[in-house]
DNA sequence: TTTCATGCAAAATGTTTGCACACGA
DNA sequence: TCGTGTGCAAACATTTTGCATGAAA
């Protein structure tokens, strides 16, 4: 396994689009306008977002091109299944981020301002696998979130 | 070899009851029948449970001793705030376990049978604090769940 | 021309809240 | 007594689903 931890992307053979097309083709699913628009929107930038963000970003502008909430949810599930997006649950709502072509990482979650800060730590995966092996468990993934206060919020909460 | 986590305890000065009473007293909250019944029920055994489990364990109609769902949710929130219970979210629902008088640990979650297996690892907290410090983040806690297949489910899914 | 996908609204889920009454301190 | 707590039902927020229509292949 190559150590790409010090770079911002991971080399991948296919573009997200090629990969999604492949995923759809294998399951006899169709390449529709909606899936096209959503995938482009989602891979426009490296951000954390939720279903509602997409609704907002689609909403007022494209008057004729309205995509229903249900389709957004359905497509997000497909993108997760296709390995393009990673889902995590932050205070009760699903939050998504790029997974394909993006290095493995985890998050610090500021419980005051709700910001998510990414970090990478190679030891963590090693630790995970050690623990899993000790319990005859076959690890397929993990969720690790460090909760606390970011620097800005520490300052804010200890007076001016 | 499993390390019998469920029979270990941490020495604490107060019983859960004393601690809850103290918590309530400080906030001018009252020791009611319902809170009494719920705390006893919750500390009856070391298990993972959710709100619905409590509803079921309280029975259909305890001769007029019915405790409403709302009260159960309200009390669980108090028990978490009081530091007696720890809450984690497993596939969209809140799951609780003892926190007070119970050693720090994390979980392996079998995504096939939904079982939660506890493990302890001292390195993890060290790692957490190292990462937090590197980001000027004040860590107050973390959530770490290793996802995968437990031994039984690995066997089940690779044929007999 | 046959599936499959979409939009809409309704349903499902898990939890919280408003309110009138009940009860603990 | 007085302020909290409770049960109930309704509200909530997010996500899923049933169904008739519309669009890929």
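The values are calculated or read from the model by the stated rules, or taken from the named source; none is laboratory data. Predicted, not measured: the structure shown is a model, and the values here were computed from it. Glycine gets a Cβ as well: all are built from the backbone with ideal geometry, and neighbour counts include every protein chain shown.
Number of residues in region B:86-133 that are away from DNA strand D (no atom under 16 Å from the Cβ) and either within 14 Å of the chain's Cα centre (by Cα) or outside any helix (DSSP H, G or I) (or both) equals 29. Checking every residue in region B:117-131 against the condition of being more than 10 Å from chain A (Cβ to nearest Cβ) and in contact with a strand residue (DSSP E or B) (Cβ under 7 Å, 6 or more places away or on another chain) gives zero matches. Residues of region A:27-35 include at least one that is modelled with pLDDT of 95 or more, touching a helix residue (DSSP H, G or I) at 6+ places or on another chain (Cβ under 8 Å), over 28 Å from residue A:112 (Cα atoms) and part of a helix (DSSP H, G or I). Annotation: residue B:86 fulfils all but one of (1) under 24 Å from residue B:9 (Cα atoms); (2) at the interface with chain A (Cβ under 10 Å from one of its Cβ atoms); the unmet one is (2). Among the residues making up region B:134-160, those that are outside any strand (DSSP E or B) and closer than 27 Å to residue B:9 by Cα are B:150, B:151. Within region B:20-42, residues that are away from every other protein chain (no Cβ under 14 Å) sit with their Cβ atoms under 6 Å from residues that are more than 12 Å from DNA strand C (Cβ to nearest atom) and outside any helix (DSSP H, G or I), at 6+ positions apart or across chains, in these pairs: B:20/B:82; B:23/B:82; B:34/B:67. When we screen B:140, B:111 for residues that are exposed (fewer than 12 other Cβ atoms within 10 Å of the Cβ) and modelled with pLDDT under 95, the only hit is B:140. Return a yes/no flag: does region B:56-74 have any residue that is within 16 Å of DNA strand D (Cβ to nearest atom), in the same structural domain as residue B:32 (by TED's automatic domain parsing), in contact with a strand residue (DSSP E or B) (Cβ under 7 Å, 6 or more places away or on another chain) and farther than 25 Å from residue A:141 by Cα. Within region B:56-74, not a single residue is within 16 Å of DNA strand D (Cβ to nearest atom), in the same structural domain as residue B:32 (by TED's automatic domain parsing), in contact with a strand residue (DSSP E or B) (Cβ under 7 Å, 6 or more places away or on another chain) and farther than 25 Å from residue A:141 by Cα.
Residue count for region B:64-80, restricted to those that are within 12 Å of the chain's Cα centre (by Cα), more than 9 Å from DNA strand C (Cβ to nearest atom) and away from chain A (no Cβ under 14 Å): 1.
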